[in-house]
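The values are calculated or read from the model by the stated rules, or taken from the named source; none is laboratory data. The shown structure was predicted, so the numbers you read here are calculated from the model rather than taken from an experiment. Every residue, glycine among them, receives a Cβ derived from its backbone with ideal geometry; neighbour counts consider all protein chains shown.
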Amino acid sequence: MLNSGLKYFLEVAQAGSLSAASATLHVAISAISRQISRLEQEVGAPLFDRASRGMSLTPAGHVLLAHARRTALESEATLNAIASLHGSPGNLIRVSCAQGLSNDVIPTAIAHFRKRFPDTRFFMWVGSAKTATDRVMEGESDIAVTFSVEPEPGIAVRHAIQSSVMAVMAKGHPLAGRRAVSMAEIEQYPLALTDKGSITRKMFDHSRGMAGVFVEPAVTTNYAGSLQAMVRESDSILLAGYVSMADRLARMDLVAVPLTDAEMHFRSVQIQVMTGRQLPERMEAFIGMVTEALNDIEQREAALDSDERED
């Protein structure tokens, strides 16, 4: 459990000032200030840079913040485990995931997991890939399943598979029968893209920037799932990973064609947790199930690529 010093430190770090922490904790500012001073004496270094507009963490403060977050999460998990022994709600798993993984991969894993462990509760947050990672770093989610193109500080990757971006189109599209297509070829058709906050869009913009080409998408959205029906009903092309579309291609009469451009292949799907955190057995079991699901999709994509090469 967190002692008073770490509890107050954590709140000040998150709130950004003693007054804001005091309002949340309902504790006098002077009491919080004393606890912070004692902590600084214990660690032998200042934890905050103090200014008129608030308090910001020093390098030592950032190190202690990571420790405090881990301790708070492990304490919460311990209390939940004890509560579950007495029939109280416990075994909560908080998952954050990128939009493409919220279509089928994570909901299916949750459904299968609850068949094995029906007393498990889930909170699933869906949003941008970067925010999914940030939620784990900040202790708001236990596990992130998300897209990534570079390492993140404070994050431990428990499993990863490559997730190249592919061109998704209707089965009757003129390019649907191709083994692979280039960016230059798909640009001859209306493009349906996610907004600039998504990793897929950043990869697309980087690719076209390297080629010195400006492309104006026909449709842009912050929710990729809404593009799938539009692509099915038109000659538009959607950029997405196979992992996002694997269980939807046949249902929606769509096909995914690999892209030849190398810069569209530098992306992975990762299972992420907070560095150094000791996870409860139930969360470890869920990570194992998601790992199996991702490996299965990776094998199916490899088989698809193999079939295309043999055609």
*When you go through A184, A250, A192 one by one, which is the residue that is small (G, A, S), more than 30 Å from R282 (Cα to Cα) and assigned to a helix (DSSP H, G or I)?*
A184
_Being under 23 Å from the mean Cα position of the chain (by Cα) and of a type in the set (D, E, K, R) is the filter here; which residues of the range 231-250 pass it?_
D247, R248
_Flag if D296 is in contact (Cβ under 8 Å) with a residue 60 or more places away in the chain and surrounded by fewer than 20 Cβ atoms within 10 Å (Cβ to Cβ)_ = no
*Go through (1) modelled with pLDDT of 95 or more; (2) of a type outside the set (S, T, Y); (3) over 24 Å from A246 (Cα atoms) one by one and return the number of the condition E152 breaks.*
(1)
*asked:* Need the failing condition index for A21 against (1) surrounded by fewer than 14 Cβ atoms within 10 Å (Cβ to Cβ); (2) part of a helix (DSSP H, G or I), just the number.
replied: (1)
*Mind listing just one residue for me: the one in the range 113-149 that is charged (D, E, K, R) and at pLDDT below 90 and, of those, farthest from the chain's Cα centre (by Cα)?*
D119
*Which residues, counting only those in the range 193-203, are over 14 Å from G241 (Cα atoms) and either small (G, A, S) or modelled with pLDDT of 95 or more (or both)?*
G197
*Going by the conditions given, is S207 of a type outside the set (D, E), within 29 Å of V95 (Cα to Cα) and part of a helix (DSSP H, G or I)?*
no
*asked:* The conditions are (1) within 25 Å of D104 (Cα to Cα); (2) small (G, A, S); (3) free of Cβ contacts under 8 Å to residues at least 40 places away in the same chain, and G197 fails exactly one of them. Which is it?
replied: (3)
*Set V257, V269: member being aliphatic (A, V, I, L, M) and buried (at least 22 other Cβ atoms within 10 Å of the Cβ)*: V269
*Failed item, numbered, when S141 is tested on (1) in a loop (DSSP other than H, G, I, E, B); (2) touching a residue at least 60 places away in the same chain (Cβ under 8 Å)*: (2)
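Conditions (1) surrounded by fewer than 20 Cβ atoms within 10 Å (Cβ to Cβ); (2) of a type outside the set (V, I, T), marked per residue:
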site	(1), (2)
A129	no, yes
T133	no, no
V149	yes, no
P153	yes, yes
A156	yes, yes
A167	no, yes
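So that you can scan it fast, the table gives a plain yes or no per residue for (1) within 16 Å of A167 (Cβ to Cβ); (2) in contact (Cβ under 8 Å) with a residue 24 or more places away in the chain; (3) surrounded by 22 or more Cβ atoms within 10 Å (Cβ to Cβ):
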site: E185; (1), (2), (3): yes, no, no
site: Y223; (1), (2), (3): no, yes, no
site: A240; (1), (2), (3): yes, yes, yes
site: V243; (1), (2), (3): yes, yes, yes
*Would you call A98 assigned by TED's automatic domain parsing to the domain that holds R300, surrounded by 15 or more Cβ atoms within 10 Å (Cβ to Cβ) and at pLDDT 90 or above?*
yes
_Count of the range 218-245 residues which are part of a loop (DSSP other than H, G, I, E, B) and under 21 Å from A262 (Cα atoms)_ = 0
